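Read the structure below first, then the notes.
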Amino acid sequence: MDYPSRLIENAVNQIAKLPGIGKKTALRLVLHLIREKQENTAALTDALNTLRTNIRFCSTCHNICDGDVCSICNSHKRDRAILCVVEDVKDVMAIENTAQFNGLYHVLGGVISPMNGVGPSDIKIETLVGRVSCTPCEIREVILALSPTMEGDTTAFYINKRLKDISLKVSVIARGVPVGGDLEYADEITLGRSILGRTLFN
């Protein structure tokens with residue numbers, strides 16, 4: 001693609017590095033920013049610089065926060081007996097949006113993936129073990145809310161193995177056919193797990 005300016009080309013190349021954005025979308029965004037008032041573009045730049053400079057991670061659960069401890073860990077309204085283990089911050093947001101969970105979280109920051117050179121020591125498993133093995137400990141159940149992939153299952157298996165000598169319940173989120181989905185379009189693994197994980201009809 002030919003650009004009328006190196007400045008535009010550089011901006012497009014940087015924006016195209018963002019996930020889900022190709023060169024054409026990046027070019028549309030750059031041209032939009034050029035047409036915007038300069039103060040609006042400056043406000044966006046300031047917001048991004050402030051984000052990178054000041055963003056912090058909770059010292060307890062590793063969720064994104066503004067201070068040392070996130071609002072979820074600080075809340076007295078949360079059920080401190082249940083701990084939900086997730087891969088990434090976006091998973092915390094997804095679960096919170098359901099309004100069905102009122103416990104605490106632990107963000108691993110990834111999953112075990114030998115193919116990508118990610119081992120147990122590269123994610124936040126040790127701090128998880130430390131949280132549930134301290135004395136006294138309020139946590140009675142750990143929910144492994146990891147994606148149903150080979151890497152997610154490997155990580156869940158490893159965590160379960162690390163926690164087996166600790167007196168607490170380890171559970172996984174239910175897996176099966178989505179609401180509104182047709183059985184004929186479900187893959188064999190999902191359908192098989194749905195049958196194995198069947199519940200009583202209420």
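Residues are listed down the side, and each one gets a yes or a no for (1) under 30 Å from Glu126 (Cα atoms); (2) outside the structural domain of Phe101 (by TED's automatic domain parsing); (3) at pLDDT 95 or above:
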position	(1), (2), (3)
Lys17	no, yes, yes
His32	no, yes, yes
Ala43	no, yes, yes
Cys61	yes, yes, yes
Ile64	yes, yes, yes
Cys73	yes, no, yes
His76	yes, no, no
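Does Arg131 count as crowded, with 16+ Cβ neighbours inside 10 Å and over 21 Å from Lys90 (Cα atoms)? Here the answer is yes, as Arg131 does meet what is asked.
Figure legend. Inter-residue proximity from the stretch 1-25: first residues over 29 Å from Lys90 (Cα atoms), second residues at pLDDT below 95 and part of a loop (DSSP other than H, G, I, E, B), beta-carbon distance below 8 Å, spacing 6+ or different chains. Indicated pairs: Glu9/Tyr3.
Residues that are in a strand (DSSP E or B), under 16 Å from Arg80 (Cα atoms) and hydroxyl-bearing (Ser, Thr, Tyr): does the stretch 129-137 have at least one? For the stretch 129-137, residues in a strand (DSSP E or B), under 16 Å from Arg80 (Cα atoms) and hydroxyl-bearing (Ser, Thr, Tyr): absent. Flag not set for Leu146, criterion: at pLDDT 95 or above, closer than 18 Å to Ile173 by Cβ and of a type outside the set (Phe, Trp, Tyr). For the stretch 134-172, name all the residues that are surrounded by 14 or more Cβ atoms within 10 Å (Cβ to Cβ) and among the charged types (D, E, K, R). Residues satisfying the conditions are Arg140, Glu141, Glu151, Asp153, Arg162. Determine whether the stretch 99-121 contains at least one residue that is in a helix (DSSP H, G or I) and closer than 30 Å to Arg198 by Cα. Within the stretch 99-121, not a single residue is in a helix (DSSP H, G or I) and closer than 30 Å to Arg198 by Cα.
The rows are residues; the columns are (1) modelled with pLDDT under 90; (2) of a type in the set (A, V, I, L, M, F, W, C); (3) under 24 Å from Cys70 (Cα atoms); (4) in contact with a Ser or Thr (Cβ under 7 Å, 6 or more places away or on another chain).
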position: Asn102; (1), (2), (3), (4): no, no, yes, no
position: Ile139; (1), (2), (3), (4): no, yes, yes, no
position: Thr154; (1), (2), (3), (4): no, no, no, no
position: Ile159; (1), (2), (3), (4): no, yes, yes, no
position: Gly180; (1), (2), (3), (4): yes, no, no, no
position: Leu183; (1), (2), (3), (4): yes, yes, no, no
position: Gly192; (1), (2), (3), (4): yes, no, no, no
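Report whether or not His106 is in contact (Cβ under 8 Å) with a residue 24 or more places away in the chain, closer than 20 Å to Leu144 by Cβ, surrounded by 13 or more Cβ atoms within 10 Å (Cβ to Cβ) and not assigned by TED's automatic domain parsing to the domain that holds Ser167. In short, no. When Cys84 is tested against (1) in contact (Cβ under 8 Å) with a residue 60 or more places away in the chain; (2) assigned to a loop (DSSP other than H, G, I, E, B), exactly one condition is not met: (2).
In the condition set (1) touching a Gly at 6+ places or on another chain (Cβ under 7 Å); (2) touching a residue at least 40 places away in the same chain (Cβ under 8 Å), Gly176 is compliant with all but (2). Scanning the stretch 140-172 for residues that are of a type in the set (A, V, I, L, M, F, W, C), outside any strand (DSSP E or B) and under 16 Å from Val107 (Cα atoms) gives Ala145, Leu146, Ala156, Ile159.
The values are calculated or read from the model by the stated rules, or taken from the named source; none is laboratory data. The model shown is predicted, which means the values in this text are computed figures rather than measured ones. Cβ atoms come from the backbone with ideal geometry, glycine included; neighbour counts cover every protein chain shown.
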